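The values are calculated or read from the model by the stated rules, or taken from the named source; none is laboratory data. All of these numbers come straight from a predicted model, not from anything done at the bench. Positions of Cβ are generated from backbone atoms using ideal geometry, with glycine treated the same way; all protein chains shown enter the neighbour counts. SASA here: full protein model, heavy atoms, side chains in, ligands and nucleic acids out. Shrake-Rupley method; radii C 1.70, N 1.55, O 1.52, S 1.80 Å.
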Amino acid sequence: MVEHVLPESGARQLYRDVAQAEDAAFGKFVNDINDELSFLSMEIRIQTYQGDGKKYYGLVNKVADDQAKLGTKFQHGQIAHFKAMLESIVTESKGAGAISTMDAINLRPDLQGNTQASESSQAAAARTLSASEKEKNIAELITEGWLERLSDGHLALGPRTFMELRTVIQSLDVPACKACTEPAVKAQACEAPGCSTWLHDHCAKSWFNRPGEPRTCPECGAEWAAAPQEETAAEERAENLAANGHRNKKARRERRSKT
Ligand SMILES: [Zn+2]
Ligand SMILES: [Zn+2]
């Protein structure tokens, strides 16, 4: 499987392997690459993933639209099914940032409200997908890094989706995080009536961890009801990914030494 998005530890490891250089020059290295890539309208984007609060690095095409990014691997109906899942996760999961597999399979892409003819034909194609075709679609989207399956079986958006389909997420009616202003998909809300303040799980963690910071809403001052975040399965995941990168590298080295 090709990694489209790397956790920071993996990106730094790759840099050390390729450049044979010290970590201190890593930031400059990324900047230099981005200067070179700009004429291709590509960039290395660095983003904190809402799923685990860790930094990820990804190569992003700045001009290709979402259709082009998904279109080479997926059929019309699959894309519309994915968009329906994305929209449901972003707008209806109330900060959980995930939906159940059953809900994902039962989603029926909306034929109304699609302004472009191509989108409504996509939606029509998605409506003809059987449950098993939708399950297969979900599995492929996970393999390609667009979706993630959480340890409780729910489906969340993968780091790649936040990275490459940022404009799609921003176009949906989703509140912004008070701390970082990115769309609050996996996030906590202030429970005070009339207050609509949101903080990402990872932003809440660093916000309330500041010395002397009371555990109250930064906007209205009401007590912040959401419990402090425990170490999550998603955080372990990033470490697993990094460890996998290590294993692959070791395997490559072993292959090389045999030839
Ligand atoms: Zn945030
Ligand atoms: Zn509030």
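The table below gives the values:
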{"read-out": "Enumeration of residues in the range 1-52 that are assigned to a loop (DSSP other than H, G, I, E, B), at negative phi and open to solvent by less than 50 Å² (accessible area, probe 1.4 Å)", "value": "ALA21, TYR49, GLN50, GLY51, ASP52"}
{"read-out": "Identity of the residue in the range 180-231, among the hydroxyl-bearing types (Ser, Thr, Tyr) and more than 11 Å from ligand 1 (Cβ to nearest atom), that ends up farthest from GLY97 (Cα to Cα)", "value": "THR216"}
{"read-out": "Test: residue in the range 202-222 that is within 26 Å of PHE82 (Cβ to Cβ), more than 10 Å from ligand 2 (Cβ to nearest atom) and in contact (Cβ under 8 Å) with a residue 40 or more places away in the chain", "value": "yes"}
{"read-out": "Residues within the range 65-79 that are open to solvent by 40 Å² or more (accessible area, probe 1.4 Å), in a helix (DSSP H, G or I) and among the polar types (S, T, N, Q), tallied", "value": "1"}
{"read-out": "Hits in the range 163-179 - residues which are under 20 Å from GLU43 (Cβ atoms) and either of a type in the set (Lys, Arg) or at pLDDT 95 or above (or both)", "value": "ARG166"}
{"read-out": "Any hit, the range 63-71, residues being over 20 Å from the mean Cα position of the chain (by Cα), away from ligand 1 (no atom under 16 Å from the Cβ) and modelled with pLDDT under 90", "value": "no"}
